[in-house]
Amino acid sequence: DQQVKQNSPSLSVQEGRISILNCDYTNSMFDYFLWYKKYPAEGPTFLISISSIKDKNEDGRFTVFLNKSAKHLSLHIVPSQPGDSAVYFCAASAKTSYDKVIFGPGTSLSVIP
Amino acid sequence: DAGVIQSPRHEVTEMGQEVTLRCKPISGHDYLFWYRQTMMRGLELLIYFNNNVPIDDSGMPEDRFSAKMPNASFSTLKIQPSEPRDSAVYFCASRSGTGYSGANVLTFGAGSRLTVL
C-alpha cells in the first residue's frame, strides 16, 4: 500500500495561471516533506521542502502548504511557466524510519503557452 | 563535483541474463539509495545504505535483486536472472547525513533505463 499518494497523474495549466499539485500521506509518523521535479531523461531534482512544525513554506514562485490533520500537502506554482512542465514527485520521511525517503507516484504537469 | 554518476544509461538485455547497474555517489555523502521508477508505481525505494552498510532492503522485490556497496564511492545493483517485468528506470541517489538526515535532500543520478526482452 502506498504511503504517499498523488491521485492526479497529470495536470494541464495555462501559462501565467496557478498550478496546484496535491499529495496525501497515510503514515502519521512522517515529519518532513519534500517536492522534487523531474524532466525527461534526467534524475529528479529537489524543489522545496517543509517540516511538520510549519504549515507553509515559500520559495519564489513555489509554495508548499501542509495540513497535518488532513495528512495533505499541496504545491502551488504562481505564475506557471512553460519551463515548469515536468513530473512532480511528493516525498516524505520520518525520524523513526532511519531516514527512509518515500516518494509518491508523481504528477505530470503541462504548462501550455 | 560531477554529481551522482550512473552507468550504463541504457541497457537492453534478454530475459535470463544478468544485469549490473553501477553508481558513484557524490564524494562525502554517507547515504546511498537505489530507486526504481515505473509507470504504475512511480519511484519505489529498493534499498539504502549508510556508511556502506545496507540499512533497509525491504523494497527489493525478489531474491533476484541484490545490491552492494564495497566502498564509499561505488555501489552496484544486480538482477540475476532478469525478467521483462524488471524493465524500468533505476535511479541511484546520495545524501549527506549531517543533522536530521530526512531534511537533507537527495541528489539523483540521471538513471539507468533497463529493457528486458
Matching residues, the range B:45-70, being out of contact with any strand residue (DSSP E or B) (no Cβ under 7 Å at 6 or more places or on another chain) and within 14 Å of chain A (Cβ to nearest Cβ): B:ASN51, B:VAL53, B:SER58
Residue in the range B:73-90 that is within 14 Å of chain A (Cβ to nearest Cβ) and closer than 20 Å to A:LYS95 by Cα present: no
Subset tally (residues that are modelled with pLDDT of 95 or more and either in a loop (DSSP other than H, G, I, E, B) or over 18 Å from A:SER19 (Cα atoms) (or both)) for the range A:85-105: 1
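Okay, residues lined up against (1) of a type in the set (Ser, Thr, Tyr); (2) open to solvent by 30 Å² or more (accessible area, probe 1.4 Å):
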{"position": "B:GLY16", "(1), (2)": "no, yes"}
{"position": "B:VAL19", "(1), (2)": "no, no"}
{"position": "B:GLU62", "(1), (2)": "no, yes"}
{"position": "B:PHE65", "(1), (2)": "no, no"}
{"position": "B:SER112", "(1), (2)": "yes, no"}
Flag for A:ILE18 being surrounded by 17 or more Cβ atoms within 10 Å (Cβ to Cβ), under 22 Å from A:PRO82 (Cβ atoms) and of a type in the set (Val, Ile, Thr): no
Segments classed as strands (runs of 3 or more DSSP E), wholly inside the range B:45-108, with at least 3 members that are without any contact (Cβ under 8 Å) to a residue 24 or more places away in the chain: B:53-56, B:65-71
Verdict on B:LEU77 being farther than 18 Å from A:ILE102 by Cα and of a type in the set (A, V, I, L, M): yes
Among the candidates B:SER94, B:SER75, residue that is hydroxyl-bearing (Ser, Thr, Tyr), under 22 Å from A:PHE30 (Cβ atoms), in contact with a Leu (Cβ under 7 Å, 6 or more places away or on another chain) and open to solvent by less than 10 Å² (accessible area, probe 1.4 Å): B:SER94
Residues of the range B:21-44 classified as polar (S, T, N, Q) and within 11 Å of chain A (Cβ to nearest Cβ), total: 2
Conditions (1) open to solvent by 50 Å² or more (accessible area, probe 1.4 Å); (2) more than 10 Å from chain B (Cβ to nearest Cβ); (3) touching a residue at least 60 places away in the same chain (Cβ under 8 Å): number failed by A:LEU109: (1)
Members of the range B:92-111 that are modelled with pLDDT under 65 and more than 7 Å from every other protein chain (Cβ to nearest Cβ): B:THR98, B:GLY99
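Listed here are the residues, each with its yes/no results for (1) assigned to a strand (DSSP E or B); (2) over 24 Å from B:GLY109 (Cβ atoms); (3) more than 12 Å from every other protein chain (Cβ to nearest Cβ).
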site	(1), (2), (3)
A:VAL13	yes, yes, yes
A:ASN22	yes, yes, yes
A:GLY43	no, no, no
A:ILE50	yes, yes, no
A:PHE65	yes, yes, yes
A:ALA70	no, yes, yes
A:HIS76	yes, yes, yes
A:GLY83	no, no, yes
Residue in the range A:30-39 that is surrounded by fewer than 16 Cβ atoms within 10 Å (Cβ to Cβ) and farther than 25 Å from B:GLY3 by Cβ present: no
Near pairs, Cβ below 8 angstrom, 6+ apart or cross-chain, from the range A:60-78 (at positive phi) to any residue that is open to solvent by 10 Å² or more (accessible area, probe 1.4 Å): A:LYS71/A:ASP24; A:LYS71/A:TYR25; A:LYS71/A:THR26; A:LYS71/A:SER28
Selection within the range B:27-59 - open to solvent by 30 Å² or more (accessible area, probe 1.4 Å), at pLDDT below 95 and aliphatic (A, V, I, L, M): B:MET39, B:MET40, B:ILE55
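The values are calculated or read from the model by the stated rules, or taken from the named source; none is laboratory data. Given the structure is predicted, the values throughout are model-derived calculations rather than measurements. For neighbour counting, all protein chains shown are included, and Cβ atoms are generated from backbone atoms with ideal geometry for every residue, glycine included. Heavy atoms of the whole protein, side chains included, go into the accessibility calculation; ligands, DNA and RNA do not. Shrake-Rupley method; radii C 1.70, N 1.55, O 1.52, S 1.80 Å.
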